[in-house]
1. Identify the residues of the range 150-172 with backbone N under 17 Å of a label point that sits 7 angstrom from the Cα of residue 14 along the Cα-to-Cβ direction, or state none.
2. Could you give the dipole magnitude of the chain about its Cα centre, charging the beta-carbon of Lys and Arg +1 and that of Asp and Glu -1, in debye to the nearest 20?
3. Could you list the residues of the range 14-54 with an amide nitrogen less than 20 Å from a label point located 7 Å from the Cα of residue 183 in the Cα-to-C-beta direction?
4. Net charge near residue 144, counting Lys/Arg +1 and Asp/Glu -1 over other residues with Cβ under 13 Å of its Cβ?
5. Take every Cα pair under 8 Å in the chain that's 6+ residues apart, average their separations, divide by the length, and report that relative contact order as a whole percent.
6. Starting from 0.36 nm per residue, how many nanometres of slack lie between residue 62 and residue 127 once their C-alpha separation is accounted for?
7. Along the positive direction of the dipole of the range 10-181 (beta-carbon charges: Lys, Arg +1; Asp, Glu -1; about the Cα centre), which of 139, 102, 176 reaches farthest?
8. For the range 4-63, run through the GluC sites (Glu not before Pro) and keep only the ones in DSSP coil with at most 13 other Cβ atoms within 10 Å of their Cβ.
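Any read-out appearing in this document is the output of simple, stated calculations on the displayed coordinates, not a laboratory observation. Treat the numbers as computed from the prediction; the structure is a model and nothing was measured. Virtual Cβ from ideal backbone geometry, glycine too; neighbours counted across all protein chains shown.
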Amino acid sequence: MTRRFLFVLGSARSDGNTELLAREAAAQLPSDVEQHWIDLAALDVPEFEDLRHDSDHLRPTEGPVAELLDATLAATDIVIASPLYWYTVSASTKRYLDYWSGWLRTPGLDFHDTMAGRTLWGVTALAHDEFEVADPLVGTLNHSAAYMRMRFGGVLLGNGSKPGDVRKDTEALARAKTFFAQEAPLARFPYEQEGEEG
């Protein structure tokens, strides 16, 4: 299958440090790899409504949610590009992941089986030198990938607060050069043992 990267931008600010870092990494992808970029701030995505105990979620046929779903299903690799907001993903990114819950319960979609084996990546900029503060964000993405039986390529971390700051983070820019070239392993929950299916 031809690789198709979906970049989901979850920043409240366009051309922010996270997006700059994501674009730096994306620029290293081979020319035959398709790239699709979606800016969640530019979409009028409604709040997610949890219907799991009331009725089935219907597959959206038009609008921003349908656009997100179609782009997600078409992707072999999904890149969550969210700044670190209060130690985790942004609100718009969380809403996107919440919709995964609905798609799991959409009749005929087989979202779980469709996503299994695909790869989830993360890119984030944070205003800390101690990258450990991003552990909750990394955990959110790793656990989401593990639940879906996806591969997890990890999170590309960069330092930046003011616009353009990440360009000064030479180590992050160096990591971006090879970030998508690595082989992503199947994601695992921390309590899973090697060889355990979970």
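1. Those under the cut-off are 163-164.
2. Roughly 400 debye, rounded to the nearest 20.
3. Under cut-off, by backbone N: 29-30.
4. +4
5. Across the chain, relative contact order equals 26 percent.
6. 19.6 nm
7. Of the candidates, 176 comes out farthest on the positive side.
8. When the GluC sites (Glu not before Pro) of the range 4-63 are filtered for loop state and at most 13 Cβ neighbours within 10 Å, 47, 49, 62 remain.
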